[in-house]
Every structure is written in structure tokens, then in C-alpha cells.
Amino acid sequence: MSTSKLERRFGEFHSKNPEVYSELVRLARELKVAGRERYGIKSLFEIIRWHKAMSTIGDDFKLNNNHAPFYARLIMRKEPDLEKFFEIRAQKI
């Protein structure tokens, strides 16, 4: 199976920014504890963007929306307690 350009870019970003994965998992678990059974990964992206904007100077941090479905799938695959937490569409190849 070949890797798409989007998947490669996601992999590069993820390896350079492991804190994004950790923060997405932390936020998803907070929502789950608060009683949410499902939530949108892009909403969590916006929360991370807001926190980064409030805590950094400049525009160096960029979180590409194209990474959202890859993060959702990765989190649901690696974190059993979040297995069906995000709604995802079929992946276009």
C-alpha cells in the first residue's frame, strides 16, 4: 500500500510535534470524563490553536486541518478508551 502525500506530511508533522498528539488525547479524555461519548477532532484542533496563540509570540505554530483525520484514526487505534470517540468518514485513496 502506498503512502499518500497527505499521510507523509502528517507523519513528518507528528514526529516533529509529539505534543499535539498528547494534547489531543488529554482533551478527548477530559470530554469523555465530562460525559461526551463522541466529539469532533477539528474542534479540538481549534482549542489547541487558541492555547498556542495565547502562550506563544508570533505565528510559527501551524496546525494543518488536513492532519485532523489522521490524528483521529491514530488516536482511536492507539488509545482503547477513545476507540470510537471521533466520527470519521471513509478515507479517500
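The values are calculated or read from the model by the stated rules, or taken from the named source; none is laboratory data. Fair warning: this is a prediction, and the values are worked out from it, not measured in the lab. For neighbour counting, all protein chains shown are included, and Cβ atoms are generated from backbone atoms with ideal geometry for every residue, glycine included.
Do the conditions hold for ARG26, that is, is it surrounded by 10 or more Cβ atoms within 10 Å (Cβ to Cβ), modelled with pLDDT of 90 or more, over 19 Å from ILE88 (Cβ atoms) and under 14 Å from the mean Cα position of the chain (by Cα)? Considered against the rule, which asks whether it is surrounded by 10 or more Cβ atoms within 10 Å (Cβ to Cβ), modelled with pLDDT of 90 or more, over 19 Å from ILE88 (Cβ atoms) and under 14 Å from the mean Cα position of the chain (by Cα), ARG26 comes out as yes.
Of all the criteria given as (1) in a helix (DSSP H, G or I); (2) at pLDDT 95 or above, the one not satisfied by PHE13 is (2). Of all residues in segment 52-91, those being loosely packed, with under 12 Cβ neighbours inside 10 Å, under 20 Å from THR3 (Cα atoms) and at pLDDT 95 or above number 2. Just to be sure, is LEU44 free of Cβ contacts under 8 Å to residues at least 24 places away in the same chain, within 14 Å of the chain's Cα centre (by Cα), assigned to a helix (DSSP H, G or I) and within 15 Å of PRO69 (Cβ to Cβ)? Here the answer is yes, as LEU44 does meet what is asked. Each residue in segment 30-53 was checked for being more than 17 Å from ARG73 (Cβ to Cβ) and of a type outside the set (A, V, I, L, M), and 10 pass.
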